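Written out below as structure tokens is the structure these notes cover.
The values are calculated or read from the model by the stated rules, or taken from the named source; none is laboratory data. This one's a predicted model, so the numbers in the text were calculated from it and none came from an experiment. Cβ sites come from the backbone with ideal geometry, for glycine too, and all protein chains shown count toward neighbours. Surface accessibility is based on the protein's heavy atoms, side chains included, excluding ligands, DNA and RNA. Shrake-Rupley method; radii C 1.70, N 1.55, O 1.52, S 1.80 Å.
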Amino acid sequence: MKSPLLSLPGAVPGEGADEGVAAHYGDLFREQRTLADGSGFVDLSHRGVVTVTGADRLSWLHLLLTQHVSELPAGEATEALILSPHGHIEHALYIVDDGETTWAHVEPDTQGDLLAYLESMKFFYRVDVADRTEEFAVVHLPAGSITEAPEGAVVRETPYGRDLFLPRADLESFAAASGPPAGVLAYEALRVEAHRPRIGLETDHRTIPHELGWIGTAVHLHKGCYRGQETVARVENLGKPPRRLVFLHLDGSEVTLPGHGAPVRLASDGTAGRPLGFVTTSARHHELGPIALALVKRNVPVDAALIVDTTAASQEVVVEP
């Protein structure tokens, strides 16, 4: 959905998964510093919004999600995954329950597939699921923000800030009262700095939760059965994931950033070496310079110097080998 905030001064539209909202408003680094200082907001109104109502909503979701939500207190934020039968990540849900309704925001344009799956699993449970994307917009306030949520807004509070579910009709008035705006490129740079994975970027068709460090934050290891649990338990108890997420510091002398999918190799092997992984997200950070997340083979030495295409890269461990 195209945000009305693209009409704000300096707004440059996002691309790819973030089409429909502003990539930036003319000054990427200033926007990053604004968010890091706890000011401003980010328009995430392109994200899908799904609600679940009914007396059985939490016990029912508990059976489907990787997270323990059967006793989720009202107002407490959590995140959860839906896995394939083989344990591969299909959906990531960012959740809060307000005491009557469970709210979740998901990646843009994925809510249709998510709803189709949830509808197929209702059986005799007293639940109703709905796509609320046309009615509600997601707005992010950074950690430390003193901006007050509008009365009646559903708030999902995390260590990284607050996600607000606002009536879409109120988006422009909220922006006018809560500026300055920051684009999704600033938001993404801080996400990369915090090593937080994003489905569709850090994942492919065979990604399992262990590879991205989602065990504990989005996957509860001591709960009842859910689809894909066998893979999660087997890797946790008997083995190691085949790949691991790493954080990369990139050579700042390069003009362009490596794109999603750019191959990662050992620096000692040069550009003719065998690819050992790929870049998932890259960004320019206001303090760290060019940075990236990448998914590499588990056995890549943690102290190995790497190259991304022709760009030198040093790694920080996100997921232990």
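Observations on the structure shown:
- Residue that is least open to solvent (accessible area, probe 1.4 Å), among those in the range 182-212 that are in a loop (DSSP other than H, G, I, E, B) and in contact with a Leu (Cβ under 6 Å, 6 or more places away or on another chain): E202
- Some residue of the range 57-78 being more than 23 Å from V219 (Cα to Cα) and either of a type outside the set (D, E, K, R) or at pLDDT below 95 (or both): no
- Residue that is surrounded by the fewest Cβ atoms within 10 Å (Cβ to Cβ), among those in the range 274-286 that are over 21 Å from the mean Cα position of the chain (by Cα) and touching a residue at least 12 places away in the same chain (Cβ under 8 Å): P275
- Residue pairs whose Cβ atoms lie under 7 Å apart, sitting 6 or more positions apart in sequence or on different chains, and linking a residue in the range 32-45 that is closer than 13 Å to F174 by Cα to a partner that is in a helix (DSSP H, G or I) and modelled with pLDDT under 95, are F41/S178.
- Scanning the range 111-142 for residues that are in a helix (DSSP H, G or I) and small (G, A, S), we see that the one that is least open to solvent (accessible area, probe 1.4 Å) is G112.
- Residue, surrounded by the most Cβ atoms within 10 Å (Cβ to Cβ), within the range 65-96, restricted to residues that are under 19 Å from the mean Cα position of the chain (by Cα) and more than 23 Å from H210 (Cβ to Cβ): V96
- Tabulated pairs, the range 110-133, first of a type in the set (F, W, Y), second part of a helix (DSSP H, G or I) and open to solvent by less than 70 Å² (accessible area, probe 1.4 Å), C-beta under 9 angstrom, 6+ apart or interchain: Y117/L64; F123/W60; Y125/R57; Y125/S59; Y125/W60
- Only one entry in V255, V264, V235, V300 is over 20 Å from the mean Cα position of the chain (by Cα), assigned to a loop (DSSP other than H, G, I, E, B) and buried (at least 17 other Cβ atoms within 10 Å of the Cβ), namely V300.
- Check on L58, part of a helix (DSSP H, G or I), touching a residue at least 40 places away in the same chain (Cβ under 8 Å) and under 18 Å from L164 (Cβ atoms): no
- Residue count for the range 13-47 under the criterion of being buried (at least 20 other Cβ atoms within 10 Å of the Cβ) and of a type in the set (F, W, Y): the result is 2.
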